[in-house]
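Report on the following structure.
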Amino acid sequence: MKNLRVAARYAKSLLDLAQDQNKLDVIKGDVDNLQEMLGNRDFYLLMKSPIVSPAKKKSILESIFSAAKLDEMTTAFARILITKGRESNLPEIVSAFQQQYKSLKNITSVQITSATPLTEVEMHDIRAKLLASEATGQEVDIETTIDESLIGGFVLEYNGKVYDGSVAHKLKEIRKEFSKPNIYVSQIDQS
């Protein structure tokens with residue numbers, strides 16, 4: 001739990017500094033790049049490693065960030081993390097920054113799991129209905145995944161709410177109904 005609080009504070013500092021210097025969108029792009037870099041196992045392990053010296057980490061990050069053309073503010077932020085011994089918290093800081101950015105920009109994250117890939121028209125319709133419902137922010141960030149076990153339909157999750165419109169869920173509900181005692185059959189047996 002402590003790491004999440006630390007990550008939230010560092011993310012807030014970066015977000016506030018980016019706003020103050022009118023670089024919010026640039027830094028958001030850099031944080032997106034960092035998130036992608038952290039998907040690389042070697043980079044992730046480098047950030048988490050207590051064995052690699054801080055000087056070596058700074059040198060490596062300077063090279064990587066220079067090649068990726070990240071903003072100087074992002075590079076300076078990474079240097080501070082290493083100096084303070086907080087580079088191992090970078091994945092959590094990136095995640096906290098993403099959440100705080102979405103909150104600031106009134107963006108709602110929506111997770112859609114479907115049995116088959118959704119078409120552009122279906123995605124557009126879902127986005128339009130979510131925005132019209134006023135249950136979401138002014139913008140909707142949709143992430144999709146495929147789960148063939150749903151058979152058909154989709155499961156939509158946002159703001160802690162779940163709408164399950166899958167065929168598998170409907171079949172489960174029907175099974176539950178059929179497992180209840182049938183009052184009509186019992187009345188026929190009595191006559």
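Each value in this text was obtained by applying a stated rule to the coordinates, not by laboratory testing. The model shown is predicted, which means the values in this text are computed figures rather than measured ones. As a convention, Cβ positions derive from the backbone with ideal geometry for all residues, glycine included, and neighbour counts pool all protein chains shown.
Note on the chain: with charges restricted to the Cβ of Lys and Arg (+1) and Asp and Glu (-1), its dipole about the Cα centre is near 980 debye. Using C-alpha pairs under 8 Å with a sequence gap of at least 6, the mean separation divided by the residue count of region 1-98 gives a relative contact order of 52 percent. Pairwise Cα separations in region 36-180 fall into 10 Å bins from 0 onward with the following percentages, short to long: 10, 27, 22, 22, 14, 4, 1. The packing ranking of peptides 103-113, 165-175, highest mean first, is 103-113, 165-175, where packing means the average number of other beta carbon atoms within 10 angstrom of each residue. Springs between Cα atoms under 10 Å define the GNM used for the chain, and in it the highest mean-square fluctuation of Ser179, Ser53, Ser66 occurs at Ser179.
Modelled spin-label separation between Ile174 and Glu143, with each label point placed 7 Å from Cα along the Cα-to-Cβ direction: 3.3 nm. Considering only beta bridges that DSSP places wholly inside the chain, some 50 percent are antiparallel.
A full extension of the chain between Leu38 and Val52 corresponds to an added length of 3.4 nm, given 0.36 nm per residue minus the alpha carbon distance.
Helical content of the chain, expressed as a calculated mean residue ellipticity at 222 nm, amounts to -19500 deg cm²/dmol (DSSP H runs of 4 or more residues, -39,500 (n - 2.57) each, divided by residue number, nearest 500).
Largest mean-square fluctuation among Glu177, Glu143, Glu134, in a Gaussian network model of the chain whose springs join Cα atoms under 10 Å apart, belongs to Glu177. Simple rule: put +1 on each Lys or Arg Cβ and -1 on each Asp or Glu Cβ in the chain, find the dipole, and look at Gly160, Asn106, Ala18; the Cα lying farthest toward the positive end is Ala18.
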